[in-house]
Each structure stands twice: as C-alpha cells, then as structure tokens.
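K.L.:
Questions regarding the structure given below will be posed in turn.
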Amino acid sequence: MRKLLFSLAIMIGVVFTSTADEGMWMLQLLKQQKLSEMHALGLKLEDYDIYNPDGASIKDAVVQFGRGCTGEVISSQGLVLTNHHCGFGQIQQHSSLGNNYLDDGFWAMRQEDELPNPGLTVTFIDQIEEVTAWVKECLVRDRERDKEGIFYLSPAYLNGLAREKAGEQFLNDHPGTEVEIKPFFEGNQYYMFTKKVYSDIRLVGAPPSAIGKFGADTDNWMWPRHTGDFSLFRIYADKEGNPAAFSTSNVPLKPKRWLTISTRGVEEDDFAMILGFPGTTHKYYTSWEVAERRDIDNSVRIRMREVRQDALLEEMLHDPAVKIQYASKYAGSTNAYKNAIGTSWAIDMHNFEQVKRDQQNRLAEWADRKNKPQYTDALKEIECIVKERADLRYRSWMLNEAVNRGVEFSTIPTAIAEHLVKALEDDDQAEAEKLLVQLESAYHQFADKDYNPGVDRKVSKKMIAAYMQAVPEEHYPGAFHLIASDFEGDSDRFVDFLFDQSLFGSEENFRRAVSGATLIESLRNDPMFLFAKSVRDEAASLRAQLASYDVPLSLARRTFMEGMLAMDEPYTHFPDANLTLRISYGKVKGYQPRDGVVYKHQTTIEGVMEKEDPDNWEFVVPEKLKALYSTGDFGPYAMPDGKLPIAFAATTHTTGGNSGSPVMNGAGELIGLNFDRNWEGVGGDIQYLPDYQRSIIVDIRYVLFVIDKFAGAKHLVEEMELR
Ligand code: ARG
Ligand code: GLU
C-alpha cells in the first residue's frame with residue numbers, strides 16, 4: 001500500500017517538491033517560478049516592480065545589514081530600519097553604566113547626534129547575473145591549479161573569478177563596489193552579485209531593551225510575541241553619494257529607492273511577502289544528515305549551552321555591570337540553543353528522516369529507470385561518510401561548544417605569544433618589540449570591556465568539568481592531562497591555578513609580566529598559554545581529520561543535487577539559503593500549536609500588560625509605555641478597535657539572516673519588520689512546515705508609535721512616506 005501511494009505520488013509529481021508558501025526564491029526567476037501563484041494570493045505588482053535589472057525596484061530598498069541581518073531603506077535621506085537585535089552590538093558599544101542606551105534607549109534628535117559605528121556596513125545589491133557556464137569553463141581552464149578539486153566551492157577562487165570578470169579597472173573606478181560569485185544547488189549553478197558597500201552607518205534610534213528585547217530569552221523563538229524589535233540607522237556617503245569611510249563631511253545617502261509604509265494594518269489571510277538575506281538552510285539534507293544533526297550537533301549544543309548559560313545567568317543576575325558585559329554573549333548563546341531544541345523537536349515530530357528518505361528514494365527509483373547509477377552511488381557515498389565521521393564530529397562539536405565557546409580564555413592570543421617567544425629566543429630585538437606591541441593589543445582585544453576574568457573563571461570550571469565527563473580521557477587535549485597528574489583530578493583547582501599563575505589571568509599579571517625581565521620564561525611556561533595552545537592544536541587536528549571527508553561529501557552532494565534538478569521540471573526547486581537576496585511569500589496567519597489550542601495572527605498591547613512583571617528583567621514595562629497604555633493614547637497607530645498592534649505572524653518561509661527583513665503587502669508597502677520565527681517552525685530550515693511555521697513580525701504601526709508617541713522623535717516619522 002505504501003508503495004502504491006508512493007508511485008502515485010511520483011505520477012502526480014509535484015507532491016514532494018514544494019508546498020504552497022514554501023521557498024526562498026531568487027528574484028530574477030520570479031516570473032518563471034512563482035509570480036502567478038503570488039498574484040493568486042493577492043500580489044498587485046508585476047515582477048519588474050520587485051526586481052528590475054534596468055531600473056529602480058523594491059529590491060533596491062533592501063540591504064544586507066552588517067554581515068548577518070537584513071534592513072530596508074525607508075526614507076529619501078538614507079534612513080534604514082532593522083531589528084533591535086541586529087543593532088544590539090552597536091547599541092551595546094555606545095552604552096555604559098552612565099549612558100545606558102541598552103536600558104534607556106537612544107534617539108538622535110538632530111542628525112549631528114547620530115552615532116558612528118566603525119566596522120558596520122550596509123550593502124546594496126546592484127546587479128545579479130547567472131554565470132554558470134562561464135564558471136564551468138574557468139574550472140576546466142584552471143583544473144591544473146585545483147589540486148584538491150575544491151575550487152568549485154571555494155569562495156577565494158570564485159571571488160577571484162568575479163574580480164576577473166568585473167575587471168580591476170572597473171573596481172578601482174568604483175570605490176565601495178564589490179563583486180562576488182556564489183555557488184547554488186551545491187555547485188550546480190553560479191550567480192554573480194555586484195554590490196555597493198557603505199561603511200559610514202550611524203545609529204539614529206533604538207527603543208529601550210524593555211521594548212526592543214521585551215520577553216528576552218523566555219520569549220525568543222515564541223509566539224504570541226510582544227517585542228518591539230527594531231532600531232534605526234542612517235547611511236552616510238560622500239557628496240556624490242558614493243561609499244566613503246566615516247567623515248564629518250559625509251552626508252546622508254540619497255537612495256535610488258525607499259519603501260513606502262502602510263498604516264492600514266493586516267487581516268488574517270492577507271498576502272505578505274518578505275525580501276531579505278536568509279543565511280543557511282538544509283532543504284536537501286539526506287535522511288542520514290538529518291539524524292546526524294539531531295544526534296550529534298544539536299544534542300551536544302543543547303547539553304553544553306545549558307551548562308554555560310546557567311553559570312552565566314547566575315553571575316549576570318548578581319551584578320548589573322556583568323549583566324551589561326555579558327548581554328550579547330548570553331543572548332547569542334541562548335538563541336542557537338533554543339533553535340537546536342526546536343529543530344530536534346521538529347525532526348522527530350514530523351519525521352524528517354522519512355521525508356528525506358522519500359526524497360532520496362524518489363531519486364533512486366528515477367535514476368534506476370533512467371539508468372543513471374551515479375545518483376544512487378552519490379546517495380550511498382553520503383550515507384557512508386556520515387557514518388564514518390560520527391566520532392570525530394562528536395569530539396569536534398564537544399570541543400567547540402564546551403571549550404572554545406564556553407571557556408573564554410581558550411581564545412587568548414597564543415599565536416602572537418608563540419612568535420614572541422621565538423623572536424626572544426633568536427634575540428631578534430626589533431621583531432620582539434613589534435610582537436610585544438601586537439601581543440598587548442591582541443590581549444586587550446580579548447580582555448575588552450565585556451570580558452570579566454572573575455566570570456570566566458567560574459564558568460570555565462563548569463565547562464571543563466562537563467567536557468571531561470562527556471569525552472573519553474584518551475581524547476582530551478594534552479593540557480587536560482595535568483588535571484589528573486598535578487591536581488588529583490580536581491579541575492576547579494586547575495582553573496584557579498591557571499588564573500592565579502598565568503600572565504593572561506588578569507590585567508595585573510599581564511602588566512607585571514610584560515615589564516619584567518624574564519618575559520621569555522614567563523611566556524614559555526605560562527599555564528594558560530599552554531592550555532589554550534593545546535586546545536587549539538586539538539581543534540586543528542580534528543578539523544584536519546574531518547576535512548578529509550569534506551571534499552568527497554561535497555562532491556557526492558553536488559551529484560545528488562544534480563540528480564534532483566535533472567529529475568524534476570525546470571524551475572521547480574529553490575536553492576538552499578546562502579546569504580543571497582531572496583523573496584518569500586505567503587499569508588498573514590495564526591496556527592494551532594497543539595490539539596485544542598489556537599493562536600491568532602495578531603498581538604496587541606494588552607499582551608504586553610499581561611506579561612508585565614516588574615520583578616523579572618525580561619518582562620519589565622517602561623513607565624512611559626504604561627502611561628500611554630492607561631490613557632489609550634496611541635495616536636493614529638491604533639487598530640480600528642482602539643487597541644495598539646504589536647506583532648503579527650505569517651506563513652512566509654524565512655530563516656536566520658532574514659532578521660530585519662521588510663514585510664510588504666500586495667502593493668509592496670511596508671507593513672512590518674521580520675524578527676523571529678516560532679520555535680515549532682525552526683525545523684523549516686530542513687523542511688518547511690505549512691501548518692506550524694510562522695515568521696514573527698513587528699507590526700509597523702507599533703514601530704511608528706514607539707518612535708513618535710513613546711520617544712517623541714516625530715521628525716523621523718515625518719521623514720517617511722506613510723500611506
Ligand atoms: N531568534 C531571533 C533570531 O534568530 C532573535 C535573536 C535575538 N534575541 C534574543 N533574545 N537572543 O536570531
Ligand atoms: N532572528 C532571526 C535572525 O536573526 C530570524 C529568525 C529565523 O531564524 O527565522 O535572522
């Protein structure tokens with residue numbers, strides 16, 4: 001019976017390939033792929049309104065914010081909207097106990113007050129071009145140099161090709177222009193992107209964390225949600241509008257295109273679409289990779305982060321200064337932790353192993369019929385590699401999660417220290433002096449204002465103990481053996497010893513050692529240095545051993561994917577996310593998480609007040625917001641029933657990197673700002689879940705309300721185009 005249903009499904013064809021609303025589609029193929037479906041759902045625009053290679057379109061208002069988020073231009077003066085959590089690092093950098101923008105928010109009332117952010121960039125995509133045939137020709141041309149056969153996926157090689165294609169002259173003549181070629185479908189297709197990268201990006205506004213991060217980690221990845229997760233930046237350019245390094249003579253960018261904003265709100269089942277830069281998905285995992293992800297990667301991550309977060313939280317709740325110092329690190333840790341839990345849940349709940357097995361069986365049967373054994377062989381190869389690398393992968397994940405991420409001092413600058421010892425041994429004075437300066441600067445970069453040795457000492461004790469329990473002794477990095485030989489197995493005493501004796505253990509120790517006469521001896525025998533170096537060596541050795549599987553696995557995956565593309569109609573598949581510009585579409589919609597429970601599509605300020613808890617930092621509601629609530633003074637931003645909208649949910653297929661993405665209605669007007677997904681939906685990175693997966697979106701009316709009524713920065717709203 002199973003078999004019969006299965007062949008039936010093959011005959012119908014489309015069943016397995018994609019469900020409505022699934023997909024992160026490439027803009028330049030919209031017409032061939034999804035435009036008519038989008039029209040049927042309520043899109044009023046044509047493909048060229050969204051993407052027009054010959055003129056301005058919505059695409060030109062969507063930017064990559066930093067390296068991992070999306071943003072959108074929302075005024076003729078280069079104002080950019082993104083999430084609070086995307087600007088979090090910058091807001092934190094400008095914050096201190098005296099000027100606490102994390103707690104109090106920040107609003108530049110004049111452009112002169114906007115704050116520069118060294119290192120932050122905003123990237124526009126100027127051109128997208130398919131270059132598959134050309135890249136394949138170059139790969140043949142360069143095969144002599146490609147000893148290991150890895151060029152076809154190598155960013156360095158592909159970006160070299162991109163520069164070759166664009167021409168050095170062109171790149172020199174256009175400062176801030178960058179080109180990139182990216183592989184799609186595991187290296188079966190290639191696209192080239194011409195980008196403009198702006199680097200003078202200033203902070204314009206951010207709500208207090210009690211709004212921008214309301215619900216914090218308890219609510220992260222959860223619906224119903226009540227977070228005003230937004231912040232505002234501005235792009236500055238030189239007088240000609242070109243990218244330029246920060247300068248007081250720079251002026252706000254006059255962009256090609258900015259989004260208009262709809263304050264009319266949304267109804268359930270309304271059309272919604274999202275443009276953005278989704279990071280990574282695994283739609284084309286095989287069943288074996290699904291199991292590996294759950295049983296090794298996620299399982300290690302969940303267990304080790306629990307240990308680290310418990311330890312960190314204790315310190316943070318104890319001391320407000322530590323709470324600021326570790327806010328970003330803690331949030332980063334819990335974010336991927338909860339995602340891992342949700343993903344493993346979805347893998348089991350929806351039997352992803354079977355879903356992917358069906359996918360690969362369908363390919364195997366087709367390959368049989370067409371006499372294309374290479375596709376079946378590729379599947380066997382993947383199965384075999386996943387099995388063989390299991391132990392190494394486990395140890396590598398363990399070392400990474402427990403030690404590299406959990407023990408901060410495992411990342412002290414060991415390489416420079418080594419070079420310095422060498423220079424001192426060789427009596428190379430000049431070199432030694434140079435390296436000493438480098439070491440001091442690298443140490444201070446490590447022990448920056450957000451590093452607290454007292455916290456690291458406590459947390460590391462927990463992490464090292466957990467690591468030692470989970471990994472067999474013969475696989476410990478070398479330095480761990482001291483714990484048995486010199487500390488009677490007491491890893492806490494070992495950690496205390498490291499901090500007390502090491503020159504990296506405190507600023508004081510460091511000062512004393514670098515000004516002392518016996519620096520060479522201190523460095524050579526420094527226990528923390530030896531520890532970090534031995535962790536580094538073990539990580540490198542694991543990486544090297546695992547790397548021997550990478551090339552064959554990638555090749556097998558390329559062949560597998562080639563088979564999938566050959567088997568199905570052209571334009572059926574969307575490529576896995578790879579931080580390139582994509583469009584997702586669907587409907588505004590609630591969902592049913594469990595039997596008998598129904599979640600609506602929209603939340604309101606009533607929920608903020610329900611969740612309020614003045615004794616829990618995650619759910620504190622600012623006084624000013626409470627005052628506006630009690631008078632019902634929501635200005636023009638209220639819903640028809642008088643309530644203030646906060647967030648809504650939609651069936652759009654999104655992932656990490658889509659944070660800050662514009663959510664638009666059928667007319668292409670901005671209705672919200674994507675910032676999260678529900679945890680029942682994070683498994684969508686492997687398999688889209690139409691009934692469960694929802695993008696979580698701040699309602700644009702809440703954003704406008706906070707800027708205007710809460711912060712009194714009405715001039716910013718006046719800069720925008722409201723419809
Ligand atoms: N889950 C969202 C995204 O992946 C938001 C993360 C930031 N918020 C937080 N509480 N950690 O990245
Ligand atoms: N918060 C995520 C981000 O930073 C988006 C949520 C998701 O993974 O869908 O990109």
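The values are calculated or read from the model by the stated rules, or taken from the named source; none is laboratory data. The structure displayed is predicted, hence computed values, not measured ones. FYI the Cβ positions are ideal-geometry reconstructions off the backbone, even for glycines, and counts take in every protein chain you see. Accessible surface areas use protein heavy atoms only, side chains included; no ligands, DNA or RNA. Shrake-Rupley method; radii C 1.70, N 1.55, O 1.52, S 1.80 Å.
K.L.:
Let me check something: with ligands and nucleic acids excluded, how do 541, 661 order by accessible area (1.4 Å probe), largest to smallest?
P.N.:
541, 661
K.L.:
Further question: Of 205, 465, 443, whose Cα points farthest to the positive end of the dipole of the chain (charges on the beta-carbon: +1 Lys, Arg; -1 Asp, Glu; origin at the Cα centre)?
P.N.:
Checking the options against the dipole of the chain, the answer is 205.
K.L.:
Filter the chain for me: DSSP H helices, axial length by Cα at least 30 angstrom, mean Kyte-Doolittle hydropathy not below -1.0. List them by residue number.
P.N.:
Going by DSSP H runs, the hits are 327-349, 527-567.
K.L.:
Whenever you get a sec, line up 410, 396 from highest to lowest accessible area (probe 1.4 Å, protein heavy atoms).
P.N.:
Final ranking, largest accessible area leading: 396, 410.
K.L.:
Another question about this same structure. Return the whole-Å distance between the Cα centroid of region 446-469 and the Cα centroid of region 165-228.
P.N.:
31 Å
K.L.:
Let me ask you something else. Would you calculate the volume per residue, in Å³, of the smallest convex hull containing every Cα atom of region 335-382?
P.N.:
For region 335-382, the hull spanned by Cα atoms encloses 76 Å³ per residue.
K.L.:
Separate question: Taking amide H atoms as placed 1.01 Å from N in the peptide plane, list the residues 5 or more away in sequence, or in a different chain, whose amide H sits under 5 Å from that of residue 190.
P.N.:
Amide H neighbours of residue 190: 131, 132, 184.
K.L.:
Show log10 I(q)/I(0) for region 316-446 at q = 0.09, 0.13, 0.18, 0.19 Å⁻¹, two decimals, from a solvent-free Debye sum over equal Cα scatterers.
P.N.:
-0.60, -0.87, -1.11, -1.16
K.L.:
As a test of understanding, state the convex hull volume per residue of region 159-304 from its alpha carbons, in Å³.
P.N.:
Spread over its residues, the Cα hull of region 159-304 gives 241 Å³ apiece.
K.L.:
Still on this structure, please answer the following. Which far-off residues, 5 or more places away or on another chain, put their amide H under 5 Å from the one on residue 105, with H placed in the peptide plane?
P.N.:
Amide H neighbours of residue 105: 209.
K.L.:
May I ask for log10 I(q)/I(0) of region 487-606 at q = 0.10, 0.13, 0.19 Å⁻¹, from a Debye sum over the Cα atoms as equal point scatterers with solvent left out?
P.N.:
-0.78, -0.82, -1.14
K.L.:
Over the Cα atoms, compute the radius of gyration (one decimal) and Dmax (the largest Cα-Cα distance, rounded to a whole number) for region 239-285, in Å.
P.N.:
Spelled out, the Cα radius of gyration and Dmax of region 239-285 are 18.7, 50 Å.
K.L.:
Given a 1.4 Å probe and every protein chain left where it sits, what share in percent of the accessible area of the chain is carbon and sulfur?
P.N.:
So the carbon and sulfur contribution to the accessible surface is 51 percent.
K.L.:
Taking the Kirkwood radius as the inverse of the mean 1/r across Cα pairs, report the Rg/Rh of region 36-99.
P.N.:
1.16
K.L.:
For region 573-714, give the magnitude of the charge dipole about the Cα centre (Cβ charges: +1 Lys/Arg, -1 Asp/Glu; no others), in debye to the nearest 20.
P.N.:
Dipole size: approximately 420 debye.
K.L.:
With every protein chain present, what accessible area does residue 288 have (1.4 Å probe, heavy atoms only), rounded to the nearest 10 Å²?
P.N.:
Result for residue 288: roughly 70 Å² accessible.
K.L.:
Using protein chains only and a probe of 1.4 angstrom, how many square angstrom of residue 306 are accessible, to the nearest 10?
P.N.:
Rounded to the nearest 10, that gives 70 Å².
K.L.:
Can you pull the accessible area of residue 458 for me, 1.4 Å probe, Å² to the nearest 10?
P.N.:
110 Å²
K.L.:
Please arrange 441, 75 by accessible surface area, largest first, computed with a 1.4 Å probe and ligands excluded.
P.N.:
The most accessible residue leads, giving 441, 75.
K.L.:
Find the cysteines in the chain that fail to meet the 4.7 Å Cβ criterion with every other cysteine, and list them.
P.N.:
Unpaired cysteines in the chain: 138, 384.
K.L.:
Just the C-alpha atoms of the chain: what Rg/Rh do they give, with Rh taken as the Kirkwood radius?
P.N.:
Reported Rg/Rh, Kirkwood definition of Rh: 0.97.
K.L.:
For region 392-544, what is the per residue volume of the convex hull drawn over the alpha-carbon atoms, in cubic angstrom?
P.N.:
Per-residue hull volume (Cα only) is 114 Å³.
K.L.:
Would you work out which of 332, 231, 282 lies farthest towards the positive end of the dipole of the chain, given +1 charges on the beta-carbon of Lys and Arg and -1 on that of Asp and Glu, about the Cα centre?
P.N.:
The one lying farthest along the dipole's positive direction is 282.
K.L.:
Follow-up question, since we're still on this one. Of the listed peptides 594-602, 206-214, 337-345, what is their order by residue-averaged count of other C-beta atoms within 10 Å, with the highest listed first?
P.N.:
Sorting 594-602, 206-214, 337-345 by mean packing, highest first, produces 206-214, 337-345, 594-602.
K.L.:
Nearest 20 debye, what's the magnitude of the dipole of the chain about its Cα centre given +1 on Lys and Arg Cβ and -1 on Asp and Glu Cβ?
P.N.:
Here the size comes out at about 1580 debye.
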